[in-house]
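Before any comments, here is the structure.
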Amino acid sequence: MSQRRWNGMDLATIDSLMDSIEKQGGYPLTVFFTYAEKEESQSIGIRNIIDKYLMEDGKPLIDVAINTISSSVVTEAKFNSPLPDYPFLERLDVPILQSPMLVKSESEWRGSIFGLTTAEIAYDVAFPEFDGQIITVPHCSTVHETDGIKHVPIEQRTKDVVEMAIRWGRLRHIPNDRKKVAILFYMYPPQISNGGSAAGLDTFESISNLLKRMSEAGYKLDWVPDDRKDLSDRVMS
């Protein structure tokens, strides 16, 4: 959670998230921070937050994380860091769910045919996806008042985010050979020649490598392709 939320005592949405986690059988641990290390504000940054509060003996103390701060965790953490390339998210190794904070009121958001603004799509969807965060749904809206702004929980969406987090957390403890995984190929316009199309990406090579890694990790697969052509021939035949 953003350190600014704590400093401004803007905690209604955080309390709502914690309450929902407890009601759904989870154990919340709330951490307020800024991504970057800042000596003047004594901020230790996300890298040290993870090592100091979320890890013990090299293992994570949590099963899943819900992040409500926008932008890229990895990029922002590089500023002022003595270890800009330190792989702190890989070290934590738990699913991180990104839940946007709307810049509009709930009524404005519901009345919009676009939903998120272009800035929200960039900072709350695109940038976090580059980090590998899992995009969920907005958990709160913003209300502008005479003495400033405050964030108001969207109750059902808060429950939805928490339910997703609980399920991701439980999934970590299910053996890989019992998991069911679907891989969806993008195909637009819908015709065979566009199967697996993706700008600048070799989809078939990526999926071929993914299936090999899954097999090595203990997932039950009936078949593993030799290479991208082997996969392409099978999918397109």
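The values are calculated or read from the model by the stated rules, or taken from the named source; none is laboratory data. Keep in mind that this is a model prediction, so the values were computed, not measured. Cβ placement follows ideal geometry from the backbone for every residue including glycine, while neighbour counts extend to all protein chains displayed.
A few comments on the model shown:
- From the list THR118, THR203, the one residue that fits, being assigned by TED's automatic domain parsing to the domain that holds TYR27 and β-branched (Val, Ile, Thr), is THR118.
- With respect to (1) closer than 23 Å to ILE96 by Cβ; (2) touching a helix residue (DSSP H, G or I) at 6+ places or on another chain (Cβ under 9 Å); (3) not assigned by TED's automatic domain parsing to the domain that holds ALA12, the lone exception for THR158 is condition (3).
- Test: PRO84 is surrounded by fewer than 18 Cβ atoms within 10 Å (Cβ to Cβ), in the same structural domain as THR34 (by TED's automatic domain parsing) and touching a helix residue (DSSP H, G or I) at 6+ places or on another chain (Cβ under 7 Å): yes
- Some residue of region 34-49 being surrounded by fewer than 17 Cβ atoms within 10 Å (Cβ to Cβ), in the same structural domain as HIS151 (by TED's automatic domain parsing) and closer than 15 Å to MET164 by Cα: no
- Test result for TYR27, aromatic (Phe, Trp, Tyr) and not in a loop (DSSP other than H, G, I, E, B): no
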